[in-house]
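Okay, structure first, notes after.
The values are calculated or read from the model by the stated rules, or taken from the named source; none is laboratory data. None of the values given here were measured: they were computed from a predicted structure. Please note: Cβ atoms are built from the backbone with ideal geometry, for glycine as well, and neighbour counts cover all protein chains shown. Heads up: the accessible areas ignore ligands, DNA and RNA and are worked out on the full protein's heavy atoms, side chains in. Shrake-Rupley method; radii C 1.70, N 1.55, O 1.52, S 1.80 Å.
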Amino acid sequence: MMESTLLLIIEIVGTIAFAISGIRLAAAKKFDWFGAYIVGLVTAIGGGTLRDILLDTTPFWMENGWYLAVTGISLAYVIMFRKQLVRLNSTFFFFDTIGLALFVVIGIQKTIAFGYPMWVAVVMGTITGAFGGVVRDILINEVPLIFRKDVYGTTCIAGGLIYWIMIITGASPVIQQLTCAATVILIRLLAVKYNWSIPVLRNN
Amino acid sequence: MMESTLLLIIEIVGTIAFAISGIRLAAAKKFDWFGAYIVGLVTAIGGGTLRDILLDTTPFWMENGWYLAVTGISLAYVIMFRKQLVRLNSTFFFFDTIGLALFVVIGIQKTIAFGYPMWVAVVMGTITGAFGGVVRDILINEVPLIFRKDVYGTTCIAGGLIYWIMIITGASPVIQQLTCAATVILIRLLAVKYNWSIPVLRNN
Amino acid sequence: MMESTLLLIIEIVGTIAFAISGIRLAAAKKFDWFGAYIVGLVTAIGGGTLRDILLDTTPFWMENGWYLAVTGISLAYVIMFRKQLVRLNSTFFFFDTIGLALFVVIGIQKTIAFGYPMWVAVVMGTITGAFGGVVRDILINEVPLIFRKDVYGTTCIAGGLIYWIMIITGASPVIQQLTCAATVILIRLLAVKYNWSIPVLRNN
């Protein structure tokens, strides 16, 4: 009970962080409120939606209205307090990282529950965590950030592989999930602190 | 019988109007006939296709060949009469608006028929009416118009909310649909006449 | 047995050719290894994935891990031997053409197996062969090449129509498939040799 409540709070916070990241980029592109709402929503639910389409199940947000509501609250928040947002960048980064970790875990859990092999679960965890940002960048007509700078995608993969290792070693589900989440959070923090990046593919 | 025939005619006319809007934008980008056909097709059927994928049912155009045929006729029409098209802009706007209204109604009806709550139906009505134009703009590599200028998206939402209110007030299905369609058409006409727009999200 | 082994080899070779085409374009855009892998993967499996989503069946690559593995090998190959790649352009073109022909045949076969009419199968064969390149171009933020220069898409359609004709004429499945594949390969080679192109849609 306590745990599920905690997970729900984390998911809401993560959704808000993802939505706000999309809304702020939309603002930088002079989108109107509707466009900003859609970009924020897609950033927050896009990854899980593709995952559910690939798993051939009903997209999660169609069974629970608060994802759309929370995105609306995020938009109202950005509209009212946009001048203060910059000061909160580190806070958003923190929530965004927690949210990413949870989204990866949720994506892996759901895929395992559908009976797919673990390598598919790792792919779905990565899609759940990273695909929303890809659609966000396509909608604002930019080359997806995670393909050039961020280690976002590889961080999701690493978290998924740790999850897999924990299963092989016979750890309990809770340990599997916590280790996966901790890995995602740790790598993300270290990547920013030490400015990690994936080698660029040279073409000459 | 009469009514279903009328609806079919409206749907064909709306499909043509959507397809031509996509084909003309493709022409402005120097697409070839194949590219123009695909952009026109996606503009006309893209919204309903995403709706059907999210509802986990067979995309409507896979069960009836005339959507592809009508798009081909639209392309042939643009190729042959492109010089006259500009003079017909208000006609196209009229058909496009009628089509939009019908697409929103169809999207809402289908979602209700699948047993989803009304808020999902409003989302699906909006997707059915507006998503095709988003994919169109992605394919021609432009920022989606409805995120910055048009009130297209919010018009679909408004029509859906009216539909919802009509259900709550216990109006008959026909009244629900006509009121929704009339709302979409009215708002669209007023938006153009009085140059309505959604506030732009400022980022400083 | 022999035949299925041959088909598997052709599919692997085609997948590698498609993946490498995506990886090289990603390299030209200074993508990192992760981004290049994703673009290569999407180029190789994107068409079949959309086909399977539209057919409402599990995407083919989720049931067989080697598509992701082969894409990884393709990336490693490009990283190690990128200087030699230019010399191999005609080889890649050859593999890419063989792969395209096979992908079209696979897409048509699968759609027929699902009981859809032949016109849907032609659409699915075209999607299987050509859609991956469209997503590739969207991800690198370019206007899809096949909408302006290449005859790629129309070649897939032509192959599908020949397949259809072969069915009408009562040819055996093997003949249907070989004729379709031969048509795709022949048209592609002639298109390049004689610099064929689809008429551009003028807008003035």
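Per-residue Karplus couplings for region A:47-60, computed as 6.51 cos²θ - 1.76 cosθ + 1.60 with θ equal to phi - 60°, are listed in order as x, x, 5, 4, 4, 5, 5, 5, 7, 6, 10, 5, x, 3 Hz, Gly and Pro entered as x.
Taking Cβ atoms as reference points and 11 Å as the exclusive limit, the residues near C:Val200 contribute a net charge of +4, counting Lys and Arg as +1 and Asp and Glu as -1. Springs between Cα atoms under 10 Å define the GNM used for chain A, and in it the highest mean-square fluctuation of A:Gly65, A:Gly40, A:Gly153 occurs at A:Gly65.
Please give the direction-averaged projected area of the C-alpha convex hull for region B:1-52, in square nanometres with one decimal.
Over all viewing directions, region B:1-52 projects a mean Cα-hull area of 4.0 nm².
For chain C, the per residue solvent-accessible surface stands at 43 Å², with DNA, RNA and ligands left out and a 1.4 Å probe. Only Lys, Arg, Asp and Glu carry charge here, each on its Cβ (+1 for the first two, -1 for the last two); on that basis the protein assembly as shown has a dipole of about 2300 debye about its Cα centre. Comparing the full protein assembly with the isolated chain (1.4 Å probe, heavy atoms, ligands and nucleic acids excluded), the residues of region C:158-204 losing at least 20 square angstrom of accessible area are C:Ile198, C:Pro199, C:Val200, C:Leu201, C:Arg202, C:Asn203, C:Asn204. Taking springs between alpha-carbon atoms closer than 10 angstrom, which of B:Ile168, B:Ile16, B:Ile187 fluctuates most in the Gaussian network model of chain B? Top of the fluctuation ranking is B:Ile168.
Of B:Arg188, A:Arg87, the order by accessible heavy-atom surface (1.4 Å probe, DNA, RNA and ligands excluded), from most exposed downward, is A:Arg87, B:Arg188. Annotation for region B:28-48 versus region A:136-150: alpha-carbon center distance of 24 Å. Summed over all non-identical Cα pairs, the Kirkwood treatment of region A:86-204 gives a radius of 14.9 Å. Label-point spacing for B:Leu161 across the identical copies (point 7 Å from Cα in the Cβ direction), in nm and ascending order: 4.9, 4.9. Note on B:Lys149: accessible area is roughly 130 Å² with a 1.4 Å probe, heavy atoms of protein only.
With r as the distance between the Cβ atoms of B:Leu145 and B:Ile73 and R0 = 25 Å, compute the FRET efficiency 1/(1 + (r/R0)^6) and round to 0.05. The computed FRET efficiency comes out at 0.50. The same position C:Leu190 in the other copies lies at 5.9, 5.9 nm from this copy, comparing label points 7 Å beyond Cα toward the beta-carbon, shortest first. Here is the P(r) of region B:1-122: all C-alpha pair distances, binned every 10 Å from 0, give 13, 42, 32, 12, 1 in whole percents. Take every pair of alpha-carbon atoms less than 8 Å apart whose residues are at least six positions apart; their mean separation over the length of chain A yields a relative contact order of 22 percent. Here the protein assembly as shown yields Rg over Rh of 0.96, to two decimals, using C-alpha coordinates and the Kirkwood radius. Taking the square roots of five times each eigenvalue of the Cα gyration tensor of region B:58-121, the equivalent ellipsoid has semi-axes of 31, 17, 6 Å, listed largest first.
Leaving out ligands, DNA and RNA, what percent of the accessible area of chain A is carbon and sulfur, probe 1.4 Å?
Details: 6260 of 8770 Å².
Whole-percent figure for carbon plus sulfur exposure: 71.
Largest accessible area first, the listed residues C:Ser21, B:Ser74, C:Ser4 line up as C:Ser4, C:Ser21, B:Ser74 when surface is computed with a 1.4 Å probe on the assembled protein chains. When chain C is treated as a GNM with alpha-carbon contacts under 10 Å, the residue of C:Gln176, C:Gln109, C:Gln84 showing the greatest mean-square fluctuation is C:Gln84. What pairs in A:Lys30/B:Lys193; B:Lys149/C:Lys30; B:Lys110/B:Lys149; C:Lys29/C:Lys83; A:Lys29/A:Lys83; B:Lys29/B:Lys149 have C-alpha atoms more than 25 Å from each other? Violating the 25 Å limit, Cα to Cα: B:Lys149/C:Lys30; B:Lys110/B:Lys149. Interface of A with C. Using a 1.4 Å probe and counting protein heavy atoms only, the two chains hide about 2600 Å² of accessible surface, both sides summed.
With label points defined 7 Å past Cα in the direction of Cβ, position B:Tyr77 shows copy-to-copy spacings of 4.7, 4.8 nm, given to one decimal and shortest first.
Cα-based radius of gyration for region A:133-184, normalised by 2.2 N^0.38 Å, reads 1.48.
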